[in-house]
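Some notes on the structure that comes next.
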Amino acid sequence: MIDQKHASFIRRCVSDIINGLTDGLTHFSGPSRAAVIFAPQPDSPMLLCDPQNLLKGHEPIFKSLYVDNQQWRVNDKVPRDRKQFADILPIKDPGLAGLLSNGGYSGSVFFQQWFTEHHPDLCSIGPTECWLEHAAWRFSHDMANDRDLYTGISGYFLREYATHAVRDHIIDQMNLLLGWDSPVRIFPVLDAVLMISETREEGSWPEGRLLVVDPCMLDRLDFLVRFQEGIRPQLINYKHVRKLLLTVERSGRHLVSDGRSILGICGDSLPPFSLCADFRGRHGFLKVNRNKVCSFADGRFSSTTYQAKLVYLEELLLETAMDRSDSYFLFKIVISLVHHSQQRKHGCTVVLDLNERPVAISGQNLSPPLDLRKPYMLKMAKSLAKVDGALHIGSDMHLHGFACLLDGRSFPGEDLARGARYNSALRFTAEHAHIIVVVVSSDRPVSVIHQGVDVHGSCTWDHKGGCVYNLDRLDYWVGI
């Protein structure tokens, strides 16, 4: 039986960690929630803390796994000593749709499992899983120390954990492919990548690829140029490295480093393990063996792919009365226009007019409209997207106009922090039915706007940061 003081201590531990997770993951991946289920002892009831209703809708699965079935209480491998908090026996991810999880058994917390959202545009789930793994470790640590030694610092650790999460995932991959004795230190490499990414050369942002390779793998590289050993530029000298990136800019070549200095220039063939920083101007990507780990921009790491997946647009089109094949083809047309605009680094606006008869919009009206199902017409539309104003596309998959001006009256849903293109789309969709507007900004993610609301930007949960949350019994929560 848990006394009231100890129950209050547990609530505070859980709340601090959830607040830290929520804040940290929101900066890394966009608006994020966190939740946990746990049982302090083998005979304790399973408890739940879900302040933003992240787990809502999954009640039947939790009932099946942890209420109807009590097998989770039986685990002979769990340490009996509560001070063995660092030895966490991992548990299987239940595979809940739209969620990522991590947890396990330990001496201080018999069972725990932490959850967060699986955003659709993650470069990799690896850093987020490492984040959740560290949350489990912090909770075990706090519970082992008990309230007399509790510092309340776990939430702050998790709030600032982005670089550590990226590093932990890279180390996990390195250990799998190289073993445990690699001399490459990842933190200095990550610091150098961020510093180089913010360094302009004659006004231009860095482009090119920096390859970090374990010294034992150097003989597997096809070196085109090798620098003399005594005068090799140090990786920490980021201004010098930024200049050397010019030698591999917009090519298939790599600048090669062993994590300490720049060794030379190699071709595109890679060893069994490599870490690549792919600089693409204002942003870039970290890759392990060509697989994206995360992106970086503005001096920090994030999870975004910088590639519009437009899942929200796809969902809106599926909810319309359009034929499935037509909605799919219209979706592919928009995807093609958006990706082209992003690659050329110019903004554009696409108006999807799903009315039976397209609405009248001021602009360059086309007669006859261009059939975007024809590749050469779609290519023409990509060129027209460069002109200020919006493309006007009907449900017939024809381009009815370009350089269109979207007007509308001001309303409370506007975002004054955004530009005219974005707010014009908000106003226009607020006043016209069956209109979806896709806004591509040169410096922001793609926005899908419908009925005066940014579908991606709208938040369906109330962030309650800084609170101490209540704990619910899982069997009551699932409706027993």
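We did not get these values from a lab; they are worked out from the coordinates using the rules stated. Keep in mind it's a predicted model, so treat the numbers as computed, not measured. Virtual Cβ from ideal backbone geometry, glycine too; neighbours counted across all protein chains shown.
Placing a label point 7 Å from the Cα of D268 along the Cα-to-Cβ direction, the residues of the range 230-251 whose backbone N falls under 16 Å of that point are 248-251. On the basis of the beta-carbon distance and an R0 of 22 Å, S64 and D93 show a calculated FRET efficiency of 0.90. For Rg and Dmax of the Cα atoms in Å, computed directly from the structure shown, the correct entry in [x] 26.1, 79; [y] 24.4, 81; [z] 27.3, 101 is [x]. Subtracting the Cα-Cα distance from 0.36 nm times the residue separation, let me have the gained length for S8 to R409 in nm, one decimal. This chain segment gains 139.2 nm when fully extended.
Each of V256, V248 was scored by other Cβ atoms within 10 Å of its Cβ. Arranged with the fewest first, they read V248, V256. The distance from the alpha carbon centre of the range 334-390 to that of the range 133-168 is 49 Å, rounded to a whole number. A straight chain from I153 to L177 at 0.36 nm per residue would run longer than the Cα-Cα distance by 5.3 nm. Once you order the gyration tensor axes a ≥ b ≥ c over the Cα atoms, which shape class does the range 190-327 get: rounded for a/c under 1.5, otherwise prolate or oblate by comparing a/b with b/c? Prolate is the answer for the range 190-327, as a/c is 1.5 or above and a/b outweighs b/c. Here the range 311-444 is treated with +1 on each Lys and Arg Cβ and -1 on each Asp and Glu Cβ, and its dipole about the Cα centre works out to around 620 debye. Segment Q451..E356, full-extension length gain: 32.4 nm, with 0.36 nm per residue of separation and the alpha-carbon distance subtracted. Along the charge dipole of the chain, which of M174, N69, C49 sits closest to the positive end, that is, farthest toward it, with unit charges on the beta carbon of Lys, Arg, Asp and Glu (+1, +1, -1, -1)? The residue sitting farthest along the positive end of the dipole is M174. In whole angstrom, how far apart do the alpha carbon centroids of the range 210-269 and the range 1-55 sit? With the range 210-269 and the range 1-55 each reduced to a Cα centre, they are spaced 45 Å. Spin-label model, F187 to N75: label points 7 Å out along the Cα-to-beta-carbon direction sit 3.0 nm apart. Work out the charge dipole of the chain with +1 on the Cβ of Lys and Arg and -1 on the Cβ of Asp and Glu about the Cα centre, then indicate which of S303, S257, Q228 is farthest towards its positive end. Value computed over the given set: Q228.
Between I231 and R282, the distance separating the two model label sites (each 7 Å from Cα on the Cα→Cβ line) works out to 3.9 nm. Annotation: for a label point projected 7 angstrom from Cα along Cα→Cβ of R290, residues of the range 244-283 with backbone N closer than 13 Å are 268-274. Given axes a ≥ b ≥ c from the Cα gyration tensor, I'd like to know whether the range 311-444 is rounded (a/c under 1.5), prolate (a/b larger than b/c) or oblate. Rounded shape, in that the Cα axes give a/c under 1.5. Around the Cα centre of the range 269-342, unit charges on the Cβ atoms of Lys, Arg, Asp and Glu (plus for the first two, minus for the last two) sum to a dipole of about 500 debye. Cross-link partners of K56 among lysines, defined as those whose alpha carbon lies under 19 angstrom from its own and excluding same-chain residues fewer than eight positions apart: K464.
Among the lysines, select those whose C-alpha is under 20 Å from the C-alpha of K382, and discard any that sit fewer than 8 residues away in the same chain. Once the sequence-local lysines are set aside, what remains near K382 is K309, K332, K345, K374.
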